[in-house]
Amino acid sequence: MHRLRTCAARLGPLTASWNAPSFSQQRTAVTPGALRTFQPFRCYAAPLTAEPFLNGTSSNYVEEMYYAWLENPKSVHKSWDIFFRNANAGAPPGSAYQSPPPVGVSLSGLSQAQALVGAQPNVEKLVEDHLAVQSLIRAYQVRGHHIAKLDPLGISCVNFDNAPLTIGSHQSGFYGLEEADLDKVFRLPTTTFIGGSESALTLREIIRRLEMAYCQHIGVEFMFINDLEQCQWIRQKFEKPGVMQFTLDEKRTLLARMVRSTRFEEFLQRKWSSEKRFGLEGCEALIPALKTIIDKSSENGVESVIMGMPHRGRLNVLANVIRKELEQIFCQFDSKLEAADEGSGDVKYHLGMYHRRINRVTDRHITLSLMANPSHLEAVDPVVQGKTKAEQFYCGDSDGKRVMSILLHGDAAFAGQGIVYETFHLSDLPSYTTHGTIHVVVNNQIGFTTDPRMARSSPYPTDVARVVNAPIFHVNADDPEAVMYVCNVAAEWRATFHKDVVVDLVSYRRNGHNEMDEPMFTQPLMYKQIKKQKPVLQKYAEKLIAEGAVNRQEYEEEVAKYDKICEEAYNRSKDEKILHIKHWLDSPWPDFFTLDGQPKSMSCPSTGLNEEMLSHIGQVASSVPVEDFTIHGGLTRILKGRAMMVQNRSVDWALGEYMALGSLLKEGIHVRLSGQDVERGTFSHRHHVLHDQNVDKQTCIPMNYVDPNQAPYTVCNSSLSEYGVLGFELGFAMASPNALVLWEAQFGDFHNTAQCIIDQFISPGQAKWVRQNGIVLLLPHGMEGMGPEHSSARPERFLQMCNDDPDIFPKITEDFAVRQLYDCNWIVVNCSTPANYFHVLRRQILLPFRKPLIIFTPKSLLRHPEAKSGFDHMLPGTHFRRLIPEEGSASQNSAGVKRLIFCTGKVYYDLTKERKTRGLEDTVAISRIEQLSPFPFDLVKAEAEKYPQAQLLWCQEEHKNQGYYDYVKPRISRTFNNTRPVWYAGREPAAAPATGNKKAHLVELERFLDTAFNPDAFQDQF
């Protein structure tokens, strides 16, 4: 009974599980199909009359007879009646059957005492006991992980208050089971595999096997998964007796990997005791864990693994998983090394690596890529997923069998960072799935100095993974064999179901947050325990020595062997004089930067197209290239309007985009456009995906019908996420330079929730990691009176992060325009014509290098009658115009021009309208700076020199402390050595990007337009 009380106290009732119906309820609800899962009599011998039916083919007959007998004992043969009575009375297997009576004695003449072997019948108790056993099994499956021995320190603060572990004052047994029931044999349900080849076990053995499966060093969370096949698969992996068995070779390999993991950290500690390295001490099992996952995945056909991880343990992973040369790692600790490559570089525990090698376990080639990552711990998650998706796409791996991702996490970040949730929610979306990611959580049970009780509201740091039905395997990281087994299962799960899975390595952090930090300030009791903790390598070595798997000499030789490897690499690292950051590339582009073995020239060909091609793409954009496809009536009008524009040799914004993307597809460039509403377009202008009005889910993408041999076009609405989706698209763009990857914000304002990706990856990516990227950000921008959250894409933020110097007027050379692009960290444009938008998209691919491109796209200009371009601006020989000069009558009267207004984007159309209204077309010139960064010094100089008598004015619709003014003013001034003042016309400084009042918006517009054209407006500006 003590055993049962212990079970009851530890597991308790299942508050969320089904309740066993009473016997009376069962009798009124008997259906063979419904109750067939409960078969208490399969383990008994049958009476003589049952023999013809128990040959393995008619067992359902017996079940149905039993249920019929429950309803009416007289409805079955008397021999069956006796059999069922005996069985229900508790007769052991084989004894319920009674021999037929002698000839001449009828069965009906047998007394009750003669017919029954045991005590009085208690059918209700028998049924309830079997149901109780099923509930007991389910309790272990659902909540066994609550009482598993997961914490190596034995001080876990995991709180299950919301799921009580006790059953209160009820201590008489579990679900009515008594001590006498411990040795009773129970038929095992089909929802467990603890029996192995046995179909029935005693209750005592059932409890023992359940505790071995669910309450030792592995805790399994999976019963929330709503797929029976998946649940059964997991049960089989953990419940079958003897599943966690390892060969001698496997144990020796595991020991060798533990030696490498542990001794690497100890070597760094000896050589650089005062350097931060964010070592792995306390979770050394991570290295064999990752290698096990990679080995098993390679065995299952995976050829490429893309990994992302925070800083803790990164150097160890680089050394012992990716197999980065040790001398390259060690030389990073030398502060005297000079940088050989341009850029700022990054700290050693942020760098990435790409390596193709032979997997020694499977003898197959495998490519390992560890992505560079800033200290924003989880920011790399979607980037890894995007790069994985791209590699799968380019190699035709539609099921994720050849390319996979592994993401490593810290426990505090996994629970605390919203990007983890965003990334999980991409996992099953058609255009974003990578067909399963293995997540490995290095669970130190602490953040920097914050313990879990202050860091999360959920019991486990991994609870966020439950939202996508990912199984979660908690494992005590001080048990390397349990870790190895769990990682094998995780890799098999991913290969079988192509869904996410989480491995939670419950460990500790032997040092503080870094090697210089003092953890006793904030976690004194934890670190007192840690100081007593025997290192896992020592414990595992002693275990194998005691088993006879290795002897002490072999173990010490393995340690000495790796120490020698480290020492020799350390000596070689001293010969390094220059630090080559290019050795740390995580996404190399072989042969992209050369042509016939020579570096590509700094030039860009014309981005124009011949008229035949423009017309052809325009016709595709105006058609429905699928038969029997019914489109919306409003869309019919839109397509007819496009066709009319093509006939008139003109394009609007949507058609200009169509022609740019369609032409690139025809030239073999894959185009991927992603964002929350990109298929139709937030402003209902694009319509790249047509929907049949009569057939659900039937769609047509005309862009994929441009040419029979074209590259594929991917256009996909995303989840309502900016951070995760922009990171994903950035990762996708890393995989290949021969693709145009575009992300469009629903409104430009919303990119601010993806600011981490912009600040940490896109803007400084090349400087930190020598990693070019050609991603395009489309950010709808413009003051339209739509309020502060639907107006500004915050151009000032992007311009502030540009790396060109406002105080230096560059040397103008023949290749100046392209050289400027090569030297900048990103390109920022605000196009005012569809033709210029068309050219800048095509230029993005035709350049001999890749830079991120930020485009402030319009809203009202999408349908503005004057915002159209003729074919003549898109023909061969035409280019993107960095600056569009004044082309009206003022340009013919340069000496008489009193004011030259520089502007960018939509405000140009407001200015030209106001100029015309005031009759100032001869005396006021308006020039559009289309490329803001890198700044077109040469063109601004030429344009201003054309009007020597004119005041120079910058006009913008944004507030003075926002927009472009602070960026362009010093650059225009420097162009003329500060000899010509630059005046300002625009909205006054403000805290919010725009007013939410339509009338106030119009008053502001009228005011700054008046300033722009008032000859006396600038008397007191300086």
Exercise for the section: Please give every one of the lysines within straight-line cross-link reach of residue 960, meaning a C-alpha to C-alpha distance under 19 Å, and leave out same-chain neighbours fewer than 8 residues apart. Expected result: 906, 969
Handout entry: Net lengthening on full extension, residue 786/residue 921 (0.36 nm per residue, minus Cα-Cα)
Key = 45.5 nm
Problem - Set of lysines near residue 561 by C-alpha distance (under 19 Å), chain-local residues within fewer than 8 positions excluded - result: 251, 271, 324
Practice task
Rank the residues 478, 517 as a footprinting-exposure proxy: fewest other Cβ atoms within 10 Å of their Cβ go first.
Solution key: 517, 478
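To check you understand DSSP bridge types, tell me what percent of the beta bridges within the chain (both residues inside) are antiparallel, rounded to 5.
25 percent
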Exercise for the section: Within the range 294-327, which residues have the backbone N less than 20 Å from the label spot 7 Å out from residue 575 along Cα→beta-carbon, could you tell me? Expected result: 324-327
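Can you give the FRET efficiency to the nearest 0.05 for residue 269 and residue 376, using r as the Cβ-Cβ distance and R₀ = 30 Å? Intermediate results must be reported in sequence, preceding the final value.
Numbers: r = 27 Å, r/R0 = 0.89.
The computed FRET efficiency comes out at 0.65.
Which pairs in the list 276/539; 276/543; 600/851; 237/543 are over 22 Å apart, alpha-carbon to alpha-carbon? Please report the intermediate quantities before stating the final value.
Working: 276/539 27 Å; 276/543 33 Å; 600/851 15 Å; 237/543 24 Å.
Listed pairs above 22 Å: 276/539; 276/543; 237/543.
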Problem - Separation in nanometres of the label points that stand 7 Å from Cα toward Cβ, at residue 75 and residue 1000 - result: 7.9 nm
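Once you have a ≥ b ≥ c as the square roots of the Cα gyration tensor eigenvalues for the range 248-584, tell me rounded if a/c is under 1.5, and otherwise prolate or oblate according to whether a/b is larger than b/c.
Note, shape of the range 248-584 comes out rounded.
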Fill in the blank from the handout: For the chain, the longest principal axis of the Cα atoms and the Cα long axis of helix 2-11 enclose an angle in degrees, to the nearest 10, of 20 degrees
Practice task
Evaluate the charge dipole of the range 248-584 about its Cα centre and quote only its size in Debye, nearest 20, assuming +1 on the Cβ of each Lys and Arg and -1 on the Cβ of each Asp and Glu.
Solution key: 260 debye
Problem - Helix-only CD estimate at 222 nm, as mean residue ellipticity for the chain, using -39500 (n - 2.57) per DSSP H run (n ≥ 4) - result: -11000 deg cm²/dmol
Problem - Dipole of the range 706-861, positive direction: furthest Cα of 783, 738, 809, with charges on the beta-carbon - result: 738
Completion exercise
So, with points 7 Å from each Cα along the Cβ direction, the residue 815-residue 720 label distance in nm works out to 4.9 nm
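Using 0.36 nm times the number of residues separating residue 457 and residue 640, minus their current alpha carbon distance, what extension gain do you get?
60.2 nm
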Completion exercise
Inter-part gap, Cα centre of the range 869-921 to Cα centre of the range 420-458, in whole angstrom, is 52 Å
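Set the Förster radius R0 to 60 Å, insert the Cβ-Cβ distance between residue 552 and residue 596 as r into 1/(1 + (r/R0)^6), and round the FRET efficiency to 0.05. Could you put the intermediate results ahead of the total?
Working: r = 61 Å, r/R0 = 1.01.
After rounding to 0.05, the efficiency reads 0.50.
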Handout entry: Spatial extent of the range 713-807: Rg and Dmax, with the Cα atoms as the point set, Å
Key = 14.1, 43
Problem - Positive-end extreme of charge dipole, the range 248-584 - chosen from 508, 328, 441 (charges on Cβ) - result: 508
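Lys and Arg at +1, Asp and Glu at -1: add these up for the other residues within a Cβ distance under 9 Å of residue 533 and post the number. The partial results should precede the final answer.
Values: positive: 510, 531, 532, 534; negative: 478.
Net local charge, residue 533 excluded: +3.
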Practice task
Evaluate E = 1/(1 + (r/R0)^6) for residue 863 and residue 355, where r is the Cβ-Cβ distance and R0 equals 45 Å; express this FRET efficiency to the nearest 0.05.
Solution key: 0.30
Handout entry: Principal-axis tilt of helix 380-394 within the chain, Cα atoms, nearest 10 degrees
Key = 90 degrees
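Rounded, prolate or oblate, given the Cα gyration tensor of the range 676-757, with a/c below 1.5 counting as rounded? Could the numbers behind the result be given before it?
Working: a/c = 2.44, a/b = 1.31, b/c = 1.85.
Taking the square roots of the gyration eigenvalues as a ≥ b ≥ c, the range 676-757 is oblate.
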Problem - Cα-based convex hull, the range 891-1013, per residue volume (Å³, whole number) - result: 100 Å³
Practice task
Assign unit charges at the C-beta atoms only (+1 for Lys and Arg, -1 for Asp and Glu), then state the dipole size of the chain relative to its Cα centre in Debye, rounded to the nearest 20.
Solution key: 700 debye
Exercise for the section: Quote to one decimal, in nm, the extra length available between residue 684 and residue 893 on full extension: 0.36 nm per residue of separation minus the C-alpha distance between them. Expected result: 71.1 nm
Handout entry: Taking the chain and dividing mean pair separation by its residue count, relative contact order in percent (alpha carbons under 8 Å, at least six apart)
Key = 9 percent
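For the chain, rounded, prolate or oblate, judged on the Cα gyration tensor with a ≥ b ≥ c (square roots of eigenvalues), a/c < 1.5 rounded, else prolate if a/b > b/c? Present the calculation step by step, with values, prior to reporting the outcome.
On the way: a/c = 2.70, a/b = 1.85, b/c = 1.46.
Prolate, since a/c reaches 1.5 and a/b exceeds b/c.
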Practice task
Please give the peptides 589-598, 915-924 ranked by average Cβ packing (other Cβ atoms within 10 Å per residue), highest first, as a rough proxy for protection.
Solution key: 915-924, 589-598
Practice task
Any aspartates and glutamates with Cα under 13 Å of the residue 499 Cα? List them, leaving off those in the same chain fewer than 8 positions away.
Solution key: 227, 399, 428
Exercise for the section: Treat every Asp and Glu Cβ in the range 891-1013 as -1 and every Lys and Arg Cβ as +1, leave all other atoms uncharged, and give the resulting dipole magnitude about the Cα centre to the nearest 20 debye. Expected result: 100 debye
Problem - On Cα atoms only, tilt of 834-846 relative to the major axis of the chain in degrees - result: 60 degrees
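Since every read-out is calculated from the coordinates, none of them should be taken as a lab result. Quick caveat: nothing in here was measured; it's all calculated off a predicted structure. Backbone-built Cβ (ideal geometry, glycine too); neighbour counts: all protein chains shown.
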